[in-house]
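This report refers to the structure that appears directly beneath it.
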Amino acid sequence: MRTKVKWISAVLVVSTFMLVACQNEPEEVEEPEKVEEPEKVEEPVVEAENGDFPTFGYDLGLTRHVPYEEITKENVGEVGLVWSKKFKDINPDIPAGNQSFPVVVDGVAYVTTAMNYVYAFDALTGDVVWEWIPPAEIKENAERTGLPSSNRGVAVGEGKVFMITNNVGVVSIDQKTGETVNYVKISEFYPDVTPENGYYETTAPTYYDGKIFVGSSGGDNGVRGFEMAFNASDLTPAWDEPFWTVPPKGEDWLAEGLFGGGGAVWMPPSVDEETNTLFFSAGNPAPDFYGEKRPGANPHTNSVIAVDLDTGQLKWAQQQVSHDLWDYDTADSPTVYTATINGEEQRVVAVGTKGGEWFVYDVETGEPYYKNVPFAKIDHPEPTPEGVLVYPGILGGQNYAPNTYDPKLNFDLIPSMEQGGIIKTAKNEEEGGQNTGGGKGGAQAFGTSYAPPADEEAYGTITAFDLNTGKEAWKIETKDPQRAGLTSTATGLTFYGDYSGKVNALDTATGEILWSYQTTGLTISASPSIFVVDGKQYIMITSAGNDPQVFVFALGGEKSQAEAGEAEGTTDPHAGAEATGEVVEVNLTAKNFEFSPTEVKAKVGDTVRFTMKNDSGLHGIALDEFGMNIKEGETFEVVVTEEGEFRFYCAIPCGQGHDTMSGLLVVSK
């Protein structure tokens with residue numbers, strides 16, 4: 001991952017050899033002739049160290065731990081902003097939201113946006129090297145189906161940049177020019193894998209040994225989840241068949257149900273080169289909360305699965321939740337690393353789940369070293385038609401936000417969300433079937449629903465587990481749920497972004513927050529990528545919301561926005577205010593995972609009245625400063641007494657995490 005350019009003067013080596021040879025001559029010799037001085041050779045210049053962030057998780061094991069050492073606990077307070085870009089300034093057609101995890105190779109950063117735009121940036125200056133604009137059919141697909149268009153990044157290999165597209169395609173792009181090399185739809189090889197059948201793609205691929213590994217989104221829609229390998233050279237299948245995580249409809253445990261499926265692979269797989277194994281996580285079975293017509297354990301859902309890299313044949317699988325009724329996906333990628341366990345070095349694969357539990361397995365056998373280790377509140381009775389309160393809610397636990405492993409400390413750090421959920425299930429499958437169609441998807445399509453408790457504020461935690469003992473080393477609470485993920489460094493720092501748009505650094509050994517920088521981004525939904533160019537260390541991170549951006553930080557950057565510690569608590573400055581102005585009616589609807597309108601204007605003293613009129617029932621509105629959290633058909637009003645910009649976002653079913661759905665209430669005098 002790191003490269004140092006070194007060279008040695010051939011003249012200097014030869015001259016040294018000649019001198020040694022002369023010293024070995026016999027003593028009785030005539031006075032030697034005068035030897036000309038060798039040409040003066042300048043001392044070789046050793047170029048400064050460079051270090052990439054070449055994959056989704058830095059290394060093939062996806063540890064998100066970099067060996068770079070310039071930024072330390074002692075000088076992290078000197079980190080500031082080097083450059084930033086607003087994606088909509090580059091191209092106004094780019095939609096809201098961003099979940100891109102940048103990949104950086106040879107000083108060029110490759111970053112995606114929602115709707116599958118790709119940018120190559122000069123990582124030091126922010127200059128756009130090239131832009132890849134998706135074909136019209138990709139945008140048309142998202143608009144037609146109403147399925148998510150988020151994208152989590154690219155893979156780089158063989159001089160190409162690879163991306164999975166929301167219409168269930170794979171594209172290879174020339175790494176130097178940005179020109180399309182190849183573009184295929186997976187349905188060309190597997191006809192049922194189409195958006196019309198509920199499939200979409202938000203994950204990033206993994207490149208290794210001439211292959212591109214591709215997962216699947218849409219498990220909540222009842223699709224048949226899979227992991228597949230394609231040849232990087234021409235995007236043809238590299239395995240005889242995908243690894244299907246669930247049986248075909250009508251077979252095995254899906255023999256009776258009308259809507260069954262699931263087992264989506266939401267995040268990139270990890271690779272263990274030593275055992276030639278690919279590891280991936282599979283999500284929940286569907287229907288999410290209604291399990292009567294999918295009897296048994298529903299194997300290979302909610303699981304870590306190990307397959308042969310070359311064939312896709314199963315090596316082993318371990319299930320984290322049997323017969324899941326709570327949408328407790330194993331969502332994040334498994335992480336592969338060498339750890340010290342009970343004093344002995346072991347090669348392991350580890351994962352945290354939306355169910356709030358941590359697991360560590362042997363890489364070769366799948367036997368557990370640790371299992372069901374809790375890091376969140378856990379209390380989940382079976383769902384009923386009347387509704388039950390469960391912990392965690394369907395957001396997690398650990399959602400897709402990646403962990404990080406520090407080999408020096410032997411700590412695995414898990415980001416998590418803490419909030420319960422009220423979940424309801426259909427009385428029977430026929431009742432659930434009445435709610436299918438009409439643009440609805442996910443759990444709602446099967447007569448089930450979810451809402452966060454009205455009186456419970458979501459927050460986050462970061463938990464450090466000691467691999468030697470399997471026990472918690474420390475845990476901190478964060479004001480915002482941990483939706484973005486972590487990246488750690490060799491100097492004992494862990495960087496992460498949060499829902500307020502801040503970037504933070506904590507002491508990996510203790511959890512103490514050492515640095516915080518408030519960006520102009522509305523929210524952050526992806527982990528930072530850390531790289532080195534010419535000996536200087538940089539931190540890159542994307543932000544989401546309705547004004548997606550990208551930021552790069554380094555020592556000596558602009559510090560004017562930096563703040564120490566966590567975000568301060570929020571209070572409602574408008575409570576008890578008397579109305580002195582007009583009534584501003586806001587009938588908010590949701591289409592294609594965006595609110596309309598995305599901006600509401602009011603003046604100090606106005607009464608702002610929000611009404612949720614989304615006929616899909618999938619979304620809600622929250623505005624933290626006013627304590628607003630409403631769902632379909634509900635109304636909330638408030639008298640605004642302070643000017644400023646206040647962000648509202650989707651609250652059902654994705655809570656604060658649904659970053660593509662947000663807008664601004666702009667209050668002026």
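The values are calculated or read from the model by the stated rules, or taken from the named source; none is laboratory data. Everything quoted here is computed from the prediction, not taken from an experiment. Note: ideal-geometry Cβ built from the backbone for every residue, glycine included; neighbour counts use all protein chains shown.
Please count how many residues of the stretch 515-540 are more than 29 Å from residue 665 (Cβ to Cβ) and either surrounded by fewer than 18 Cβ atoms within 10 Å (Cβ to Cβ) or not assigned by TED's automatic domain parsing to the domain that holds residue 150 (or both).
Residues meeting the conditions: 2.
If a residue counts only when it is closer than 26 Å to residue 341 by Cβ and either at pLDDT 80 or above or touching a Leu at 6+ places or on another chain (Cβ under 8 Å) (or both), which strands (runs of 3 or more DSSP E) contained entirely in the stretch 381-479 have at least 2 such residues?
Per the criteria, 404-406, 411-418, 459-466, 471-478.
Among (1) more than 29 Å from residue 483 (Cβ to Cβ); (2) surrounded by fewer than 15 Cβ atoms within 10 Å (Cβ to Cβ), where does residue 172 come up short?
Going through (1) more than 29 Å from residue 483 (Cβ to Cβ); (2) surrounded by fewer than 15 Cβ atoms within 10 Å (Cβ to Cβ) one by one, residue 172 breaks only (2).
Output the residue which, of all residues in the stretch 203-258 that are of a type in the set (S, T, N, Q) and surrounded by fewer than 22 Cβ atoms within 10 Å (Cβ to Cβ), is farthest from residue 169 (Cα to Cα).
233
Give the stretch 618-647 a look and list any residue that's within 14 Å of residue 602 (Cα to Cα) and either in contact (Cβ under 8 Å) with a residue 24 or more places away in the chain or in the same structural domain as residue 148 (by TED's automatic domain parsing) (or both), or say none. Quick ask: steps written out before the conclusion?
Restricting attention to the stretch 618-647, the residues satisfying the condition of being within 14 Å of residue 602 (Cα to Cα) are 637-647.
Answer for the stretch 618-647, where residues must be within 14 Å of residue 602 (Cα to Cα) and either in contact (Cβ under 8 Å) with a residue 24 or more places away in the chain or in the same structural domain as residue 148 (by TED's automatic domain parsing) (or both): 637, 638, 639, 640, 641, 642, 643, 647.
Considering only the stretch 226-234, I want to know if a residue exists there that is farther than 20 Å from residue 151 by Cα and over 26 Å from the mean Cα position of the chain (by Cα).
Yes, the stretch 226-234 contains a residue that is farther than 20 Å from residue 151 by Cα and over 26 Å from the mean Cα position of the chain (by Cα).
Would you check if there is a residue in the stretch 125-144 being surrounded by 15 or more Cβ atoms within 10 Å (Cβ to Cβ), more than 29 Å from residue 589 (Cα to Cα) and touching a residue at least 60 places away in the same chain (Cβ under 8 Å)?
yes
Name the one entry in 178, 157 that is more than 22 Å from the chain's Cα centre (by Cα) and small (Gly, Ala, Ser).
None of the other options fit; the residue is 178.
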